[in-house]
Every structure is written in structure tokens, then in C-alpha cells.
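Notes follow the structure.
The values are calculated or read from the model by the stated rules, or taken from the named source; none is laboratory data. Predicted, not measured: the structure shown is a model, and the values here were computed from it. Positions of Cβ are backbone-derived with ideal geometry, glycine not excepted, and every protein chain shown enters the neighbour counts.
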Amino acid sequence: MSYARNLLSRGEEIVFESRQHWFAVLGETWPFVIASILAFAVLIWQTTSTAGQLTGLLQVISLLVLVVSLGRIGLKIWSWRNQEWFVTTRRLIKAEGIFNKEMGDSSLEKVNDAHLTQNVFGRIFGFGDLDILTAADEMGGIEDFPLLAVACATIGGIQIQLRGTLGGNLANASPAGDTFPPLAVYEPVVHVVSAEGARTIPISELFTGVKRTSLRRSELIESIEVPFLPKRPRRQRFWKVGTRAASAISKTVAAGLLWMNGDGTIRELRFALGSMAPTVRRLRQVEAFVTGKKPTAKVLAEACALLEKDVAPIDDVRSTADYRLEVSKNLLRSFLDPNYRG
């Protein structure tokens, strides 16, 4: 309970807490329970046996089985005791981990359905399977790279989306490219080919300026290789700020991935902005600064100050530099602290 309370925001309260039913532990450990009982019985029997060397060997084997089985049972019980679900006035929280706590949460506003299934034994012993269906933060899209899917859905109309390619979008190298911030945080490599051979270019080295890339005159983009994330982020988000919701060039476009530690500190942040410089920019100084810190008001203020050093917005026909900068700071704040209201 104390761990969960450390994760609560101002005004948030825990209204319900639970963990897996003890029957779930029994269902996973019963082979080890039986093995422990048999090993213990063999050890007791051997104390009255006169089988000599054979008895000594059985004692060693039985003792080993007993230690391994009890260890496995103890580890499962410990893990079970350290996995909890909390319902607060705002969120559904899952906290787990033996040595290092990890937490996942979902806003109650995104809970679409909850369904409880109980079999006969569940009715007798009071347990069942609870399925909670939540709406994804990514607003739909492919499972592994949702930010890229959402960004592609904002480009042009259906005709352009059906005929256009990601390679063409990269080669165009517009500072306002909507797919560039998601690609910047996913960290892909671009495979290019020419008559001279093939090579790979990290996305961070592809753009050299406005409408300029590091592609040589004879090179063509063959493919874009996007690596799978080693672990699902706690939070991931794409923003397109424009005059209209779609078919508009962005005033500011952003993408972020966030991983958190169990104690509420930031494990890793990846955050990128478009339309804020001649090329898409990863906020490297911000990312390094917030790592290992809790997203307090002071940390957020210092992170926003560092943001100004990573970007170079301009005044143009679509927006002003001041507006772009202020919106980008608000996007960063709201991403690191979902309770922030700018």
C-alpha cells in the first residue's frame, strides 16, 4: 500500500486494492508441493533404512529436490505478495516486482469494459478471470509502432496515403515531416542502394538541413528498418499541432516514449520535435536531464528551459517562433506529467 501511495498525484486516492487469488499460486506450484512432500517422506523413510550407500545417495537427491521445490514455492509466494492492483479515483494501477518495482497504469476514462468469468471452482472458492478492456493511448494503429501509424494517418487525404511511401517522405526532408518525430524516437536505420553498392544510414544522420539529406546523388532509399522496442513504454504519444485536424502542415509536431521506474523516477525518455528547427530534433539535453528524476514541477521547469537549447523555431506564414516554443513546452510537460493542465 505504501508503495502505491508514493505514486499518487495530488488529490488522487486509492479506493480499492487487490491481488491474485491464492488459488492462482496453488495452480502454478502444486507440482513442487507434491515433490516437496515426496522428498520429505523419502528423507524420513531413509532415517530407518539400512540400505547403506544407496540410502546416502537418495538422501542427497531427496534433499536437493526438497530445497529446489521449497525455493520455487517461496519465490512464487513472494512474487504473488508483491503483485497488486489498485483502483484510484483516476486510474487503474498494476504494481509488480520483487526487488525492483514496476508500475503500469490506465486512466479510468479509457476503461471501455470489464468482464468477470467464473467456473464452478471459482464460485466455490471466490476467484475468477477479470478482463479489463481499455482504449489505447495511441488512438489505434499497428501494435508495435503506433506513433508511426497515427502520424501516417495525418498526412494528406486517403489518395495520398494509399500512393505515398515512407521513403518518399524521408527523401523530401521537410522540417515539418509528420513521420519524422516518431521515427526519431523509434531510432530506425535507412537502407540505401546505388550502382556502387549498399549502405545504412541512422535516422539521426539522414537529414542535413531544410530539404537536404545525406543521400548521395546516385542513391535510392531501399527500405527503412525500425527495431522493436526492448520493452513496452509506460507512455507513448504523437501530437500534430496545426490549423486544422488533418491535411495541414504542422506548426509543431512531436512524439514521445517514456519508461518509468517503480519508484516513480524516469528510466528513459525519448522525445522529438518537428517544425522546430531545420531538421527533426531529439531533445537530447532534456532526455539526459530527466533520467533518474521524478517529474516534479521543478524538474519540468528545468526541462522546458533545456528544450529551448535543443530547438531553433522560426517565424513563418504558419506560426511564430514564440507560439511554437510555448506549445512544445506544454507538450513536454503534459507528457511527463499527465495531470498537468497548461
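Looking at the stretch 134-144, is at least one residue farther than 26 Å from F271 by Cβ and modelled with pLDDT of 65 or more? Within the stretch 134-144 (the criterion being farther than 26 Å from F271 by Cβ and modelled with pLDDT of 65 or more), the answer is no, since none of the residues qualifies.
D315 passes every criterion in (1) more than 28 Å from K231 (Cβ to Cβ); (2) in a loop (DSSP other than H, G, I, E, B); (3) in contact (Cβ under 8 Å) with a residue 24 or more places away in the chain apart from (3).
Are any of the residues in the stretch 21-39 within 29 Å of the chain's Cα centre (by Cα), at pLDDT below 75, surrounded by 15 or more Cβ atoms within 10 Å (Cβ to Cβ) and not in a helix (DSSP H, G or I)? Taking every residue of the stretch 21-39 in turn, at least one turns out to be within 29 Å of the chain's Cα centre (by Cα), at pLDDT below 75, surrounded by 15 or more Cβ atoms within 10 Å (Cβ to Cβ) and not in a helix (DSSP H, G or I). Those residues that are at pLDDT 90 or above and within 19 Å of P188 (Cα to Cα), I need them from the stretch 230-247; list them, please. Listed by number, the residues that qualify are P233, Q236, R237, F238. Here V192 fulfils each of the conditions (1) over 27 Å from the mean Cα position of the chain (by Cα); (2) buried (at least 17 other Cβ atoms within 10 Å of the Cβ); (3) part of a loop (DSSP other than H, G, I, E, B) apart from (3). Please verify whether L258 is more than 16 Å from G274 (Cα to Cα), in contact (Cβ under 8 Å) with a residue 60 or more places away in the chain and buried (at least 16 other Cβ atoms within 10 Å of the Cβ), treating the condition exactly as stated. Yes, satisfied.
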